[in-house]
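This report refers to the structure that appears directly beneath it.
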Amino acid sequence: MTMKCLNHQKSHEFICYQCNCLMCSKCIFIHSKDHPDHFDQCEHIDDIKHSLSTLKLDDIIDTTTTNNHINNENKNNNNNEFRFKSQINNKLKYLWESLRSSTSRYQSLSTTENDIKQHFEQLHQYLIREEHKLQRDIINDKHTITNQIDNNLMNLKYLINIIKLFNKLNNNENNSNEDTSNIPDTTTLYSTTTIMESITTSSSLQSFINHNNQTLFNEYNNYFNIDSLLKQHSSDSSSILLDIIHKYNNQFNESTTTQIIIT
């Protein structure tokens, strides 16, 4: 780019910031006539140099946030308001104020964001505490019910063993209603959850027993040694029956079979 005016062969001395064109001393008059609204956007190189030579970056402050300070300075430096400032000075001031404003706005938004975050963290913690508080009684009740089911199942198994023993003693064991298929004896089959599912799907006590005859009510999973009982009671079935009922009552007395009502 040439530094001389092609029309007048004179050195460029002016710049118009509005249209970003360089002009000589003659061009500036023509430009001012053609674009009178650009008058305050045109600047002479000497003014630019003077402005830059006297520029103090410490004087470029954010007047939007330091109005009080500026007002005090103005009282002591009235002439400073009339001092010429180049467009570069003005641009620097604008950029600094914009940076300050953007930073202030960003920090304000960050503060609001953190306030919101803390609020919902506190709310979340509150909800967790309330959830645990509400669940505590439910969990305790479920635990109580599980213990009751386990106890009643032990009670039931004992009674079923008494019935099976009675049938054996009287040679009247009925196998027609029992499913003798081999079922894997795993821990899952003994879990309270699995047992409750079986209770729910069983239409009667007999169907529940049949469904679990290879696990809970397995004939080898009993409390009695029939040979030992026969020997002990001289094969007297009545004596054996009374003895095991008496033992049953001792083991499963009223206090251990009390029904717990959950509301």
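No value in this document is a laboratory result; all are computed from the given coordinates. Bear in mind that the values here come from a model prediction, so they are computed numbers and not experimental data. In this analysis, Cβ positions are derived from the backbone assuming ideal geometry, glycine residues included, and neighbour counts consider all displayed protein chains.
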Extension gain (nm, one decimal) between SER11 and SER110, 0.36 nm per residue minus Cα-Cα: 30.4 nm
Local net charge near LEU123, Cβ-Cβ under 14 Å (Lys/Arg +1, Asp/Glu -1): -2
Å³ per residue enclosed by the Cα convex hull of region 1-61: 102
Ranked list, fewest to most other Cβ atoms within 10 Å of each Cβ, for HIS8, HIS132: HIS132, HIS8
Centroid-to-centroid separation of region 189-207 and region 10-35 [C-alpha atoms, Å]: 99
Linear extension gain, ILE139 paired with HIS233, 0.36 nm per residue minus alpha-carbon span: 29.1 nm
